[in-house]
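Okay, structure first, notes after.
The values are calculated or read from the model by the stated rules, or taken from the named source; none is laboratory data. Worth saying up front: this structure is predicted, and the values here are computed from it rather than measured. FYI the Cβ positions are ideal-geometry reconstructions off the backbone, even for glycines, and counts take in every protein chain you see.
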Amino acid sequence: MKILYLIPRFTTGGAEKIVLQYAQHFKDAGFEVAVASVIGGGEMVKDFEQAGIKIHVSHNKSWGSWRKLKKFYKKFSPDLVHSHVFSGDMASYLLVSKKTKWISTQHNVEFNTSFLRKVIWKYILQKADKVMAVSENVFNFDNKFFKLNKNKLILNRNGVEVEKWLSVPDNNFVNEKMQIATIGRLEKQKGHVYLIQALGQLKNYDWQWHVYGAGSLEKKLKNLAKKQGIENKVTWHGVVADMAYEYKNINVVVQPSLWEGLSLVTMEAMTAGRVVIGTSWSTDTLLENKKTGLIFKEKSVASLVEAIKYCFENKKDLEEMSKKAREYAKDNFALKKNITVLEKMYNEILTRY
């Protein structure tokens, strides 16, 4: 059987990392697998190539690029298309024939999506055979806005490769300087602005902020850090492939997201035994406040300042929190659970429909 995964780009993001893991698993299971991007390349091209996965890279939104993607699709002739994010879904809608089955994964709560895009999304998803939501929040959003048939929409919670993150050394708070990190795209959704403002009020505390990721707001965020007088306490790492290696120098991960589906960064950080400070969106169903992490009110600088201060004033509690977070993650975040559900879905959709 042939499976084609469609993604927007080969950039480092939650959807792309999940697709790499899916492609590796099903390739090893004997499926013929290919992955194609719809609108761009990215730094993860080498990861797919090193895994021996057939890929097609679209470099822009031009008509010529679309023709090449269509040609690749016809040549590969998949039995099943599994799309991710809006551009992947749109391409699937245009490419998939009646004989090919189509699954769409919805990764996010799309509050910030334009009304027009939501209308288009709702229309094209009616053609999909199954729509998979990665969290309860995403499931509820899709159910409300896309009005999908109850037999079409299913919940399959995301997971992470726990063995990889369990190999990270235990959290260590012996140094006076607190090593704080944020991990993710430098875009509005991730809420970096609120963290910069909070850290601006904590200039007298001994900390270093490590920013991992890239995006359209990078210049704006750097200017804001300078305006807050904290530019010398910030390290901009860009996109880093091996975050498991970076975690050995990190104590606390702050995820001030304004909305999320199910945060892979939070799951990875907890499994690595790091304290996560997050909004209700980035921690939803993942951690318990002051037991396995800390939760603050989204868009509230004051609430975030209070959470960070707590870390400085309760370092012994943080060590215990780190251990409990890792124990919980080990028992609950395994990607294997997600893939088991996906395997069943693939088999059912290819044999029954």
Do we find a residue being of a type in the set (Val, Ile, Thr) and within 21 Å of the chain's Cα centre (by Cα) anywhere in the stretch 118-128? no
Tell me yes or no: at least one residue of the stretch 79-86 is in contact with a Phe, Trp or Tyr (Cβ under 6 Å, 6 or more places away or on another chain), modelled with pLDDT of 95 or more and of a type in the set (S, T, N, Q). no
Determine if the stretch 118-127 includes at least one residue that is among the hydroxyl-bearing types (Ser, Thr, Tyr), at pLDDT 95 or above and not assigned by TED's automatic domain parsing to the domain that holds ALA244. yes
Odd one out for ALA198, checked against (1) in the same structural domain as ARG117 (by TED's automatic domain parsing); (2) among the hydrophobic types (A, V, I, L, M, F, W, C); (3) not in a strand (DSSP E or B): (1)
Is it true that THR340 is free of Cβ contacts under 8 Å to residues at least 24 places away in the same chain and within 23 Å of GLU161 (Cα to Cα)? yes
I need the full set of residues from the stretch 221-236 which are touching a His at 6+ places or on another chain (Cβ under 7 Å) and assigned to a helix (DSSP H, G or I), in order please. LEU221
Mind checking whether some residue in the stretch 329-348 is modelled with pLDDT under 95 and either closer than 13 Å to VAL252 by Cα or over 24 Å from the mean Cα position of the chain (by Cα) (or both)? yes
From the residues in the stretch 177-195 that are more than 17 Å from LEU258 (Cβ to Cβ) and part of a strand (DSSP E or B), which one is farthest from the chain's Cα centre (by Cα)? MET178
